[in-house]
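This report refers to the structure that appears directly beneath it.
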Amino acid sequence: MNLTYTLVFDEVILKQLKKAGRNKKTKDILAKMFDKIELAGPSIGELVDYQLFIYEMKNKHPPIRLYFKHNKSTNEIYLFEFEMKTSEQKQQKTIQRVRFKASNP
C-alpha cells in the first residue's frame, strides 16, 4: 500500500521559506525533509508532545529542526516552523510556541 501524507503549511513557515529561498543549500535540505515527511509520515520524526502529536525532525549539517503535527483523521501533516539549532532554551521556547499553535488552531 502506497500511503502519502498531505502537507499543510502554517503562515510562519511560509514566511521562513521565503527567507530561506535566498540560500539554495538550506532550501534544498528543507525540500528533502518535506519529501521524507510526505512519504514516511510522522514516523520520520521524534515525538515531542504525546498529547498533541507534535513531532520534531532534525538535520545535522546544517543543524535544522523542523516541527510538525500529524492529524490522523485527515492524514494531513501540519508544518509549523523550522529553526537553526542554537540552544536548549531557544528550542524549548519554540516547542512551547508550537504547542500553543497546535492546541489553538
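The values are calculated or read from the model by the stated rules, or taken from the named source; none is laboratory data. All values reported here derive from a predicted model rather than from experimental measurement. Glycine also receives a Cβ, built like all others from the backbone with ideal geometry; neighbour counts cover every protein chain displayed.
Side notes on the structure shown:
- Every pair of residues 6+ apart whose Cβ atoms lie under 8 Å, when the first sits in the stretch 85-105 and is more than 16 Å from TYR50 (Cα to Cα) while the second is in a loop (DSSP other than H, G, I, E, B): LYS85/PRO63; GLN91/LYS85
- Within the stretch 48-105, the set of residues being closer than 20 Å to THR4 by Cβ and not aromatic (Phe, Trp, Tyr) comprises MET57, LEU66, LYS69, HIS70, ASN71, LYS72, SER73, THR74, ASN75, GLU76, ILE77, LEU79.
- Any hit, the stretch 74-83, residues being among the hydrophobic types (A, V, I, L, M, F, W, C), surrounded by 11 or more Cβ atoms within 10 Å (Cβ to Cβ) and in a helix (DSSP H, G or I): no
- Subset tally (residues that are under 16 Å from ASN59 (Cα atoms), of a type outside the set (Val, Ile, Thr), touching a helix residue (DSSP H, G or I) at 6+ places or on another chain (Cβ under 8 Å) and modelled with pLDDT under 90) for the stretch 18-31: 2
- Set PHE9, PHE34: member being aromatic (Phe, Trp, Tyr) and under 11 Å from LEU66 (Cβ atoms): PHE34
- Scope the stretch 1-21; condition over 23 Å from THR94 (Cα atoms) and of a type outside the set (A, V, I, L, M, F, W, C); matching residues: ASN2, THR4, TYR5, THR6
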